[in-house]
Amino acid sequence: MTAQSAGRHPRAPTLIGPGPGARAAETPALVVDGLSLAVDGVTLLSDVSLTVSRGEMVGLVGESGSGKTLTGLSILGLVPHGARLTGSIRVAGVDMTTAAPAVLRQMRGGQVGMIFQEPRSSLNPALPVGRQIADVVRAHLDMSRGQARAAALSLLGQVGLPSPRSCFAAYPHELSGGMCQRVMIAMALACGPSLLIADEPTTALDVTVQAQIITLLRSIADERDLSVLLITHNLAVVTQVCDRVVTMYCGQVVNADTTARVLSAPSHPYTWALLESGRVKLAGADGDSSPAELAGQPASPVHPPQGCRFHPRCPFAEPRCAAAVPEITPVNGGQTRCVRHGELLLGAGQP
């Protein structure tokens, strides 16, 4: 491959959410505009902007330390103590950066569902998983214990658990990793959110279970017209299920585009490199195979490089790439943060 120049409301005890055709196209589910976040004088996020439309599934990708998980936590207002946050984050029209604590508590789990990494660590080991789902329902919706229990049982069935009643009474350690992740999905969907944030939902799961979880998320999103922000380092997963891809590097958005254009002609060298590193290269005679590695070490936000933060690792860098921080620029319906975007043809899959 080469690059060429050129408040409470009563609800029914079911999986709640807007049905197909009920999309409110006027107001996006999520709008992050110019988000910057600094802790102890270190800027960890810089001018992050992204949008998730109603019923859209957007992948937020990048290596570890790129800022994608911190972006997801910032949407919920779960920032480190003493952090300085600027910009705006609007979820269903509510600005999460200025909302009162009581409003944030209702938004978390209500309008915004969150699936955290490592489900066993997120679930309470001392309570049956069904009780934990029912508690979430009662915290946000006007339901009796019996109604909340019925809602939890319904949700456990809808996320594909084989015996909802048995799972309801089970403790997290009695379930497999994949089953725990399905419980987390049920909990995140319990109150009918308009937006679901899934942070590395397939971490520590085997390949078969990973595929099942991703397929489940996509099917639920389609069925409920649910907006999803899928956070992952695995670009291959994103390109299978997401409508658009947003790429982050060293606390900045460097590329945003439709999945089709990312696969055929990514407009930023970092996105191109992630695609290449995800391709499996056949090894020696033993038949072993392994993914290619992205050359170099990720940049640190503590001491970011001058100019384009990716240029020390970029195979297409020129001296001007280190001269000034590139602005995010519209290109072919997407966005890129590369001064050479008009010269490079990064055709994915080219020889």
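The values are calculated or read from the model by the stated rules, or taken from the named source; none is laboratory data. As the structure is a prediction and not an experimental result, all values here were calculated from the model. Counting neighbours? That spans all protein chains shown, and the Cβs are built from the backbone with ideal geometry, glycine included. Surface accessibility is based on the protein's heavy atoms, side chains included, excluding ligands, DNA and RNA. Shrake-Rupley method; radii C 1.70, N 1.55, O 1.52, S 1.80 Å.
Points worth noting:
- Some residue of the stretch 37-57 being touching a Ser or Thr at 6+ places or on another chain (Cβ under 8 Å) and closer than 26 Å to LEU205 by Cα: yes
- The stretch 114-130 - residue that is open to solvent by 60 Å² or more (accessible area, probe 1.4 Å) and more than 24 Å from the chain's Cα centre (by Cα) and, of those, nearest to PRO172 (Cα to Cα): PRO125
- Flag for ILE133 being in contact with a strand residue (DSSP E or B) (Cβ under 9 Å, 6 or more places away or on another chain) and more than 21 Å from ASP33 (Cβ to Cβ): no
- Listed conditions (1) closer than 19 Å to LEU195 by Cβ; (2) modelled with pLDDT of 95 or more are all met by VAL79, apart from (2).
- The stretch 131-146, subset small (Gly, Ala, Ser) and outside any loop (DSSP other than H, G, I, E, B), residue farthest from the chain's Cα centre (by Cα): GLY146
- When PRO193 is tested against (1) under 15 Å from ALA134 (Cβ atoms); (2) surrounded by 22 or more Cβ atoms within 10 Å (Cβ to Cβ), exactly one condition is not met: (1).
- Test: residue in the stretch 209-224 that is under 19 Å from the mean Cα position of the chain (by Cα), more than 30 Å from ALA256 (Cα to Cα) and not aliphatic (A, V, I, L, M): no
- Applying the condition of being among the aliphatic types (A, V, I, L, M) and outside any helix (DSSP H, G or I) to the stretch 147-161 and asking which residue is surrounded by the most Cβ atoms within 10 Å (Cβ to Cβ) yields VAL159.
- From the list PRO269, PRO298, PRO291, the lone residue that is open to solvent by 50 Å² or more (accessible area, probe 1.4 Å) and either at pLDDT 90 or above or under 21 Å from ARG340 (Cα atoms) (or both) is PRO298.
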